[in-house]
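Please see the structure below; I have some questions.
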Amino acid sequence: MHVDYTGRQCTITPRIRKKAEEGLAKLAKILGDHCTSKVILTAEKRRRVAEITLTRRTKKLVGRGESTDVLAAIDEALDHIEKQALKLNTRKRDVKRSAKAAWKRKAPEPVLTTVPAAARTTTVPVVVHRFPAKAKLAEAHLVKNQDSVATQPMTVEEAVKECEFRDREVFVFRDKKGTVRVLYRRRDGKLELIEVP
């Protein structure tokens, strides 16, 4: 993640830079690595203001924190952006996708044929549609992902929180007794618990 720092009546020390980068790394787990961010620190009398702008594609997430300490102001700004990021991800997940409208679907190219010259009195174009003899089957695209599997035993409550944090539709974990369980998000947004025998 690319980060630009600006200090207004304030010097940016390595400690401040480290604090901001740790928080932005946490946000990168939620939003992805393809983000740019600007950190603006301002000192006004006894107030310290931190303004962090995170740009992801076309969306801008802005967090502003104000405190007597720079690090506390950065924490507050990062908390604001984290709330916005989680809201953005849940909004994206909750949107129902619909099929393209009939007029947007691409129609097959028409093939024009004419009657031979010997039998022709007038030329009339004829449209012939060709359909494939076999329907194409898409191959399954498998990607191994360890992000949806818990490495340590956890309770159901911890697994629900982890599933929400990682923003996954399916989450596999073991409970304290060693039983394998699967959390699955249904289309209505509710989580369903499946016990594997």
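The values are calculated or read from the model by the stated rules, or taken from the named source; none is laboratory data. In this text the structure is predicted, and so the values were computed from the model without any measurement. Cβ: placed from backbone, ideal geometry, glycine included. Neighbour counts: every protein chain shown. The area values use the complete protein model at the heavy-atom level, side chains included, leaving out ligands, DNA and RNA. Shrake-Rupley method; radii C 1.70, N 1.55, O 1.52, S 1.80 Å.
Explain nothing, just compute: Karplus ³J(HN,Hα) = 6.51 cos²θ - 1.76 cosθ + 1.60, θ = phi - 60°, for every residue of the stretch 13-25 in order, whole Hz, x for Gly and Pro.
Those phi angles translate into 8, x, 5, 5, 4, 5, 4, 5, 5, 5, x, 5, 5 Hz.
Would you list which aspartates and glutamates come within 20 Å of residue 161, measuring only between C-alpha atoms, while excluding same-chain residues fewer than 8 positions from it?
79, 82, 94, 147, 169, 175, 188, 192, 195
Report the Rg/Rh value for the stretch 1-45, based on alpha-carbon coordinates and the Kirkwood definition of Rh. List each step's numbers first, then the result.
Values: Rg = 11.6 Å, Rh = 11.3 Å.
Ratio of gyration radius to Kirkwood radius: 1.02.
Same structure again: Can you give the net charge of the other residues whose Cβ lies under 13 Å from the Cβ of residue 195, counting K and R as +1 and D and E as -1? Provide the component values of the computation, followed by the final result.
Values: positive: 174, 177, 181; negative: 175, 192.
Counting the neighbours of residue 195, the net charge comes to +1.
How big is the stretch 157-197 along each principal axis, measuring the range of its Cα positions in Å and listing the largest first?
Over the stretch 157-197, Cα extents along the principal axes are 29, 19, 13 Å.
If you wrap a convex hull around the alpha carbons of the stretch 38-88, what volume per residue comes out, as a whole number of Å³? Could you put the intermediate results ahead of the total?
On the way: hull volume 2.6 nm³, N = 51.
Roughly 52 Å³ of hull volume per residue.
Also: Using a 1.4 Å probe and counting only protein heavy atoms, arrange 36, 53, 179 so the residue with the most accessible area comes first.
Values: 36 70, 53 25, 179 45 Å².
Highest to lowest solvent-accessible surface, that is 36, 179, 53.
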